[in-house]
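See structure below.
The values are calculated or read from the model by the stated rules, or taken from the named source; none is laboratory data. Computed from a prediction, not measured in an experiment: that's the story for all the values here. Quick reminder, even Gly has a Cβ in these numbers, built from the backbone with ideal geometry, and neighbours come from all protein chains shown.
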């Protein structure tokens, strides 16, 4: 049986550590507040925003919610972000994605002050990651690094294959694995012989957005498999990009869906909020 990498347990551990740190910061007179902006009422976004607010409350971070109508203009949203940039009592700004089609996501992300960019999406944050400078790191990839480390999985010197090249997961994930001294291959929809490439991996990280696409044919015996995908199957049950039942018997460790990578994203968002308060004091 493989090691089941428990994201719920690791994220709870991180949040408990942050709770202690926040209490100490408050004793020093440092206040923490995250502004969460949601445009429209996409059901999945509403769930994510609710979970973020709960995590803030648990860790001891104040949260301010801005729930805007679907019809909010780009200009109105940009104006709000600029106001939050100026506020000394706000140390983190999060705009829940996706945004309605009439709003330019790239422009919105670039408007957030990089020192308050707790999602790690600003070009300055991404550039800092590329050249090894300090900066906020996208929460899901940062969470995966913590999952591996806290589960006792060695990264340095290992062959890592990341399937997926999105700006939010694939690209930053590959840079973080490089930072941890893995040898990294990024594979994607145009990769030739994807199965053979994936099968080289000691650590296989999958973020393709296709339910149960990765079967045991893609996985080397004894590999560690990290599944970033979240989907609902024909029975409305959650599943990932990896066919868990097929892959689990051949790997040494695997993340389940749900309960693997998902909880780590919010834990690392909380971590970025605390880091932002420490940087901006």
Answer yes if at least one residue in segment 179-186 is within 19 Å of the chain's Cα centre (by Cα), in a loop (DSSP other than H, G, I, E, B), touching a residue at least 40 places away in the same chain (Cβ under 8 Å) and surrounded by 15 or more Cβ atoms within 10 Å (Cβ to Cβ), and no otherwise. no
Would you be able to say whether some residue in segment 67-75 is loosely packed, with under 14 Cβ neighbours inside 10 Å and part of a helix (DSSP H, G or I)? yes
Can you tell me which residues in segment 187-208 are farther than 16 Å from residue 255 by Cα and in contact (Cβ under 8 Å) with a residue 40 or more places away in the chain? 200
Residue under question is residue 53, and the condition is that it be modelled with pLDDT of 95 or more, closer than 30 Å to residue 226 by Cβ and assigned to a helix (DSSP H, G or I); does it hold? no
